[in-house]
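The next block holds one structure in the form of structure tokens; read it before the comments.
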Amino acid sequence: RKAGFAALGGALTGCFCHAMAAGLGLSKLFLLVPVAFDIVRAAGAVYLLFLAWQVLRSSPLSAEKTGAWRESLWAVARQGLFTNLLNPKVALFMLALLPQFMKPEAGGLFGQVLILTLIQMGTGLVVNVAVILAAAKAASWLGLKGKGGTRWPNILLATVFSLLALRLVWPERS
């Protein structure tokens, strides 16, 4: 659970950065300079492959090793942050979402962006806390916190990261 909440904190921080950039017009760079989108997309794919490699190299999680998470919660939070910051789809989502609800004639665009960002982050927080708690319960139920550990969660997670990286490199073209 602690690692899940650390990753969520990093991801929410990345979401905040994207939302503020979109609200202040900086994310329009992706629309004006398509190669910028491609660069961030490639960086995101490389980062996901790096994470997959790290997961494959790591040993399985066991009850004896769960204490190590306390020491590396900042590293987990940084992974959540960079995963979100290097995801150009988050920037494009914010760019598509925020302007619909902003009213320049009401003044205070920065305040409007801040309020809308906090609403979006609050919604994400509620959903992701439920996912973290359910995943922790599932891990306990599946016996992943037992002695010895198992490699299949590492392989599964590395596969997911790799597939997401491939999806970034070869997106659907419509």
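Details
- Arg57 vs. criteria over 20 Å from the mean Cα position of the chain (by Cα), open to solvent by 50 Å² or more (accessible area, probe 1.4 Å) and at pLDDT 75 or above: yes
- Some residue of the range 65-88 being surrounded by fewer than 20 Cβ atoms within 10 Å (Cβ to Cβ), polar (S, T, N, Q) and modelled with pLDDT of 80 or more: yes
- Residues of the range 105-131 satisfying the condition of being open to solvent by 90 Å² or more (accessible area, probe 1.4 Å), over 16 Å from the mean Cα position of the chain (by Cα) and not charged (D, E, K, R): Phe110, Ile115, Leu118, Ile119
The values are calculated or read from the model by the stated rules, or taken from the named source; none is laboratory data. On a predicted model such as this, the values are computed, not experimentally measured, just so you know. Reconstructed Cβ throughout: ideal geometry from the backbone, glycine too, with neighbour counts over all protein chains shown. Quick note on the areas: whole protein, heavy atoms, side chains included, nothing else; ligands and nucleic acids left out. Shrake-Rupley method; radii C 1.70, N 1.55, O 1.52, S 1.80 Å.
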